[in-house]
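To start, the structure under review is shown below, and the notes come after it.
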Amino acid sequence: MSPVVDHYFDIIYGPNPASDYQFDVIVDSCVAKVFAIKRPGVDEFLEQVSKHYEVIVFTASLPEYANPLLDLLDPKGYITGRLFREHCTRVGGFSGDFYLKNLTLLRDDMDLSNIIIVENNRDAYMLQPTNGNECTTWRGDPWDHELFIIADFLEKIKDVTNVRD
């Protein structure tokens, strides 16, 4: 099975002694310094979930920004695939544009019975809502335990035939 995940870290706009990562990103010929803090439990989440699932990150972020962060976040190679903004469908809404993540991009045979998207934005998976597992948006809380809860849930359903049931 493949969980598709997207909310592992929080970006800080400016220097912060609590940041786990600092790196430069070049977008449109401009260099920006990025400071990022890992969500609590992300290392354990990746290790535990990768034992039973193919882990793919599907983000609306640009690859120029997401790739360096994912390289730092996953030095052991638990993440086996990466999809970015260019793989999303941009749509307009009442509060501005947003990006849809079409899970059929992950499978040639269109069988989504064993694909779960763990996503903090329900609109992002509206094309396949029964494949979604909504998680909270992380805002830097050091006591957050959401990834532990999701990892336990994924462990419990690892042998189901159809994740949408």
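Coordinate-derived values only; no laboratory data. These numbers come from a predicted model, not from an experiment. Here the Cβ positions follow ideal geometry from the backbone for every residue, glycine too, while neighbour counts run over all protein chains shown.
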Q) Taking +1 at the Cβ of each Lys and Arg and -1 at the Cβ of each Asp and Glu, which of ILE37, VAL57, LEU83 sits farthest along the dipole of the stretch 28-165 towards its positive end, judged by Cα position relative to the Cα centre? A) ILE37
Q: Grab every C-alpha pair in the stretch 35-106, bin the distances at 5 angstrom width from 0 up to the longest one, and report whole percents.
A: 3, 14, 22, 22, 19, 12, 6, 2, 0
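Which value, in debye to the nearest 20, describes the size of the charge dipole of the chain about its Cα centre when Lys and Arg Cβ atoms bear +1, Asp and Glu Cβ atoms bear -1, and nothing else is charged?
Working: 15 positive and 27 negative charges, 33 e Å.
Dipole of the chain, to the nearest 20 debye: 160 debye.
So which chymotrypsin sites (Phe, Trp or Tyr not before Pro) in the stretch 93-147 end up in coil per DSSP with only 10 or fewer other C-beta atoms within 10 Å? The partial results should precede the final answer.
Details: sites: PHE94, PHE98, TYR99, TYR125, TRP138, TRP143; in loops: PHE94, TRP138, TRP143.
Here the sparse-neighbourhood loop sites are PHE94, TRP143.
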Q: Mind checking which of HIS145, PRO17, SER95 is farthest towards the positive end of the chain's charge dipole, using Cβ charges of +1 (Lys, Arg) and -1 (Asp, Glu) about the Cα centre?
A: SER95
Q.
Neighbour counts of other C-beta atoms within 10 Å: give me HIS87, HIS52 arranged from fewest to most.
A. HIS52, HIS87
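Taking R0 as 30 Å, what's the FRET efficiency between ASP97 and GLN22 from their Cβ-Cβ distance, rounded to 0.05?
0.55
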**Q.** Pairwise label distance in nanometres, ASN162 with THR137, each label 7 Å out on the Cα-Cβ vector
**A.** 3.4 nm
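Show that you can apply the helix-only estimate: for the chain, add -39,500 (n - 2.57) for every DSSP H stretch of four or more residues, divide by all residues, and state [θ] at 222 nm to the nearest 500. Before the final figure, lay out each step's value.
Values: 3 runs with 30 residues, N = 165.
When only DSSP H runs of four or more count, the value is -5500 deg cm²/dmol.
Given charges of +1 on the Cβ of Lys and Arg and -1 on the Cβ of Asp and Glu, with all other atoms neutral, how large is the dipole of the stretch 73-165 about its Cα centre, in debye to the nearest 20? Write out the running numbers ahead of the final one.
Details: 11 positive and 16 negative charges, 45 e Å.
For this selection, approximately 220 debye.
Give the percent of DSSP beta bridges with both residues in the stretch 55-165 that are antiparallel, rounded to the nearest 5. Please report the intermediate quantities before stating the final value.
Numbers: 5 of 12 bridges.
Counting DSSP beta bridges with both partners in the stretch 55-165, the antiparallel share is about 40 percent.
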Q) Cα convex hull of the chain: mean projected area in nm², to one decimal? A) 10.3 nm²
Q: Between LEU127 and ASP152, with labels modelled 7 Å along Cα→Cβ, what's the label distance in nm to one decimal, could you check?
A: 3.3 nm
